[in-house]
Each structure stands twice: as C-alpha cells, then as structure tokens.
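Student: Could you have a look at this structure, given as structure tokens, before my questions?
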Amino acid sequence: MRGKRVLAAAALATIAAATAAQAESLKVTVGQKGFWNADFPEFAKMAGFFKDADLDVEIIYTEGGAATLQPVISGNVDIGMTNGTLGVIAAFVKGAPIRVVSAETTGATDIFWYARADHGIKTLADAAGKTIGFSSPGSSSNLELLALLAQAHISAKPVPTGTAPATMTQVMTGQIDVGWTVPPLALADVEAGKLTIVARGADIAAMRDETVRVNVASVEALKTKRAAIARFIEADARAIDWAYKDPRAMEYFAQGMNVSLAVAKQAVEGFFPKSGFQLGEIHGVQHILDEALETKRIPTAMTPDQIAGLFDIVYPPAKK
C-alpha cells in the first residue's frame, strides 16, 4: 500500500512539474501599489486567470512614471502597466523600444488635488502662484495637472512629489501647498474636515474621453512572447470584470490601503467607473501630443499618424 502511495505522489509531482513547465513567465512593472487599478494584476492572480492562461507572472511595484517605464525600455521586464500616456509618447519619440499593447485608463476620474483646510485654498483659483504636486514627469497626474491649469488659466508651480503618501507628508508639513492623490487615500481626512479637495481630474473637459494611461511592452518581448502578452492582457480584462462583481476585490483593496470597507467602496464608486478601464481603444492622442509639445517632451509638433508605430494593440476593442 505504501508503495502505491509513493507512486501516486510521484505521479502527482510529475503532473505538477509538467504544468509549471507549460506556464510562460512574464515580468511586469505596475505603478503605485495598492491603487484600485494597480490591483488588477493581483486580482487576476487571486481569481486564477493567469493560471488559466498558462502564465507565471512576476509583479514588480514602482512609484510610477519613469520607474515603471524604464525597466521595459531596458528590457529587464516584459510589460509595464499604468503608464502615463504622455511619458510613453515622449519616450517613443526619443527612440525607446516600446509599444503600447492596450489602453489602461480612459478619462481622468480618479486623481484629485487637495490642500490643508487651514491654509485657505479651496479652489484651483486659490492655488494661483502656489506649488502643486504631481507624481513624476510624464505621469498621468502630470498630464492632468497641466490640463487643469491650462483649462482654468491658472499660473502655478507644478512640482514632482513622488508617491501619494510622500506627497501627503509634504502637504501636512508645509513643504508644498497642494498635493495629489488617488482615493481612498485622503478621503477620511476630507470627511473629517482636515483637508479640502481643490480640483479633480474629472473637472477636465478635454480629457473625459482621453486615454490617460496605457500598458506597454518591450519590442523584444513582443517578438518572443507576443502570444503570452496577449493572454496577459486578456487575463487583465477578466480581472477588471471580476473586480466589479466579486466582493473579495473590495475587501483586498480596503485591506491593502488600510481603510474601512465603507471608504474603499466610496472610492471605487465615486472615482473609478468600470467604463474607464476598457483596454482595446486609445483615445485623445492628438491632445496628448499637443501637451507633449507645450511641455517640451517632444521637439516639434506631431500628428497621430507620425507616431502610429507606437501602437501595437494585442487586445481587441469591445464590439459596438
């Protein structure tokens, strides 16, 4: 009997090893750990979607911006998630060997800017001449802040402040006047009257149907792992659907951000509409190119046709 059990165990081990051998490895960078959309790859793992796709995915979290994109450019990782479209275009124009493989966030609904309630800054107009934070050059918070200031005709001083928690420290200690964040961070302090929301990305009329973040892959990875990358994006799409249906997603989000379930729900329902996470279509490229020129991220005016080679969408757009 014992011999049969040993043989059975050996057979199971052989099957497990064969299954693991079939899984294709992918390295992925994701900006700003804990944010709702940054959690989608984790949800794909939790729900078994990567396993279904025969993928072994290593997730590496960054502070966003160049820290997410640079490892893709250097070839150290295969895919970079949640990249600001402005920064991706600027890198491509400079010759970076990257391609956009899917949209990530369309519409500027999640980020908001805030100030200490005792500092008297209640609206963006009050921030004229003040310092206003964004995460890093080329990030979606950078693009959205520039658009907000242009729309309101406000002259202020944009300052890269790093992560949302680091930015909060700088606001509370008076190093910067207005900070940026993504819910649920800062919502409890807003409710308590300690902070005031000064502006929201949702206020930007020109960006309501613009793809502010994209997912990218290296050219080399697309040559050697294209099918795996396509399966990864498909698994990510499944994870997005799952996140808006399965209560485990909200619980994971709340625990990761160290907030109550009620605050987590308030954040998702108020700032992260599911419609903003369609992966198939890129919108508003010309506007982003105009912003890139204005901020000197590209040397000359360009049209979408001139950067068409940047886009190699591996996930089909939704049928209309």
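Student: If I compute Rg/Rh (Cα atoms, Kirkwood Rh) from the structure I just sent, which labelled value in [x] 0.94; [y] 1.08; [z] 1.03 lines up?
Tutor: [z]
Student: Would you please give the FRET efficiency between residue 220 and residue 248, computed as 1/(1 + (r/R0)^6) with r the Cβ-Cβ distance and R0 = 35 Å, to the nearest 0.05?
Tutor: 0.45
Student: Counting alpha carbon pairs within less than 8 Å and at least 6 residues apart, what relative contact order, in whole percent, applies to region 112-206?
Tutor: Contact order relative to length: 46 percent.
Student: Related question: Quick check on region 112-206: take the gyration tensor over C-alpha atoms, sort the square-rooted eigenvalues as a ≥ b ≥ c, and tell me if it's rounded (a/c under 1.5), prolate or oblate.
Tutor: rounded
Student: Now a separate question. Can you give the local net charge around residue 158? Use residues other than it whose beta-carbon is closer than 15 angstrom to its beta-carbon, Lys and Arg +1, Asp and Glu -1.
Tutor: 0
Student: Hey, what did the chain get for relative contact order, percent, Cα under 8 Å, at least 6 apart?
Tutor: Averaging sequence separation for qualifying contacts and normalising by length gives 26 percent for the chain.
Student: Let me ask something additional. Under 5 Å between amide hydrogens, which residues at least 5 positions from residue 24 or on another chain qualify, with H placed 1.01 Å from N in the peptide plane?
Tutor: Distant-sequence amide H within range of residue 24: 55, 56.
Student: Take the residue pairs 45/223; 225/265; 33/245 and return only those whose Cα atoms are more than 27 Å apart.
Tutor: As for pairs spanning more than 27 Å Cα to Cα, those are 225/265.
Student: What are the trypsin sites (Lys or Arg not before Pro) within region 198-248 that DSSP puts in a loop, where the Cβ has at most 10 other Cβ atoms within 10 Å?
Tutor: When the trypsin sites (Lys or Arg not before Pro) of region 198-248 are filtered for loop state and at most 10 Cβ neighbours within 10 Å, 245 remain.
Student: Using packing as a proxy for protection, rank 117-128, 90-101 so that the peptide with the highest average count of other Cβ atoms within 10 Å comes first.
Tutor: 90-101, 117-128
Student: What FRET efficiency, computed as 1/(1 + (r/R0)^6) with R0 = 51 Å and r the Cβ-Cβ distance, is obtained for residue 290 and residue 22, rounded to the nearest 0.05?
Tutor: 0.65
Student: Once both labels are modelled 7 Å past Cα along the beta-carbon direction, what's the residue 260-residue 56 spacing in nm?
Tutor: 4.4 nm
Student: Quickly rank 292-298, 76-82 as a protection proxy: mean count of other C-beta atoms within 10 Å, highest first.
Tutor: Result, highest mean first: 76-82, 292-298.
Student: Taking the DSSP beta bridges in the chain as the whole, what percent of them are antiparallel, to the nearest 5?
Tutor: 55 percent
Student: Could you tally the net charge around residue 85, taking each other residue with its Cβ under 12 Å from the Cβ of residue 85, Lys/Arg +1 and Asp/Glu -1?
Tutor: -2
Student: Also: What FRET efficiency comes out for the pair residue 194/residue 128, r = Cβ-Cβ distance, R0 = 30 Å, nearest 0.05?
Tutor: Working from the Cβ atoms, E equals 0.85.
Student: Another question, if that's okay. Where the centre of each part is set by its Cα atoms, how far does region 240-287 sit from region 35-87, in angstrom?
Tutor: Between the Cα centre of region 240-287 and that of region 35-87, the gap is 16 Å.
A short reminder: the numbers here are calculations on the coordinates, not readings from a lab. Treat the numbers as computed from the prediction; the structure is a model and nothing was measured. Note: ideal-geometry Cβ built from the backbone for every residue, glycine included; neighbour counts use all protein chains shown.
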